1. Looking only at the stretch 109-128, filter to residues that are surrounded by 15 or more Cβ atoms within 10 Å (Cβ to Cβ) and part of a helix (DSSP H, G or I); which one of those is farthest from the chain's Cα centre (by Cα)?
2. Could you check Pro55 against (1) open to solvent by 30 Å² or more (accessible area, probe 1.4 Å); (2) under 21 Å from Val33 (Cβ atoms); (3) free of Cβ contacts under 8 Å to residues at least 40 places away in the same chain and say which number it fails?
3. Taking Ser41 as the residue in question, decide whether it is within 20 Å of Lys3 (Cα to Cα) and over 16 Å from the mean Cα position of the chain (by Cα).
4. So, Leu5, is that one surrounded by 11 or more Cβ atoms within 10 Å (Cβ to Cβ), more than 24 Å from Ile140 (Cα to Cα) and in contact (Cβ under 8 Å) with a residue 40 or more places away in the chain or not?
5. Restricting the first residue to the stretch 101-126 and requiring it to be without any contact (Cβ under 8 Å) to a residue 12 or more places away in the chain, which pairs with a second residue that is hydrophobic (A, V, I, L, M, F, W, C) meet a Cβ separation below 8 Å and a spacing of at least six or different chains?
6. From (1) in a loop (DSSP other than H, G, I, E, B); (2) of a type in the set (A, V, I, L, M); (3) touching a Ser or Thr at 6+ places or on another chain (Cβ under 7 Å), pick out the condition that doesn't hold for Ala72.
7. If I filter the stretch 14-36 for residues that are aromatic (Phe, Trp, Tyr) and surrounded by fewer than 21 Cβ atoms within 10 Å (Cβ to Cβ), do I get at least one hit?
Amino acid sequence: MLKSLDAPIMPRPALNKPAMLDPRSGQWLGVVVELLGLESSSAAIYAEMMQRLPPLAKGIVIAKENGVPACAMLVTVFNHVGNAFGLTTTPALRRRGLGRKLMGQGLDWMKNNGASCVGLQVVADNKKALSLYHSLGFEIAYSYHYRILPENT
């Protein structure tokens with residue numbers, strides 16, 4: 001999905017200031033491990049992937065009152081193109097607008113760091129995510145699917 005950032009970004013409801021973390025840090029890795037429940041081998045692979053991000057990258061986190069991560073996403077800007085990755089909300093707090101608020105913060109950050117458009121990927125049957133992204137002005141740019149070779153080939 002794609003969204004142009006040429007138009008002014010609409011004002012957003014007040015939001016407790018989200019934490020802006022270096023995605024290469026152990027602090028960001030801890031947030032992702034907690035939200036996604038990653039096992040240690042997957043966490044190690046994720047940490048290695050984070051080391052390869054472009055210089056302009058942030059992990060954005062909204063925490064509950066007790067400091068436990070409630071919602072997080074990764075944003076990057078490279079060659080004036082913003083990318084949003086892995087918007088995740090803890091299941092008990094879904095449908096409360098946290099993803100919308102966090103995406104708004106991410107769009108603001110990407111625009112302020114030189115992005116003129118933003119791209120993201122979403123699974124085609126994730127109706128709730130598609131609804132959110134469409135409501136924020138994203139449009140489907142193209143579709144694709146993965147093919148898996150049958151065993152014994």
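1. Checked the stretch 109-128; the qualifying residue farthest from the chain's Cα centre (by Cα) is Lys111.
2. Among (1) open to solvent by 30 Å² or more (accessible area, probe 1.4 Å); (2) under 21 Å from Val33 (Cβ atoms); (3) free of Cβ contacts under 8 Å to residues at least 40 places away in the same chain, Pro55 violates only (2).
3. no
4. Details: surrounded by 11 or more Cβ atoms within 10 Å (Cβ to Cβ): yes; more than 24 Å from Ile140 (Cα to Cα): no; in contact (Cβ under 8 Å) with a residue 40 or more places away in the chain: yes.
So Leu5 fails the test.
5. That search, which allows pairs on different chains as well, returns Val123/Ala129.
6. That leaves (1) as the condition not met.
7. No, the stretch 14-36 contains no residue that is aromatic (Phe, Trp, Tyr) and surrounded by fewer than 21 Cβ atoms within 10 Å (Cβ to Cβ).
The values are calculated or read from the model by the stated rules, or taken from the named source; none is laboratory data. All values derive from a computational prediction rather than experimental measurement. Note that each Cβ is placed from the backbone with ideal geometry, even for glycine, and that neighbours are counted across all protein chains shown. What goes into the accessible areas is simple: the full protein's heavy atoms, side chains included, and nothing from ligands, DNA or RNA. Shrake-Rupley method; radii C 1.70, N 1.55, O 1.52, S 1.80 Å.
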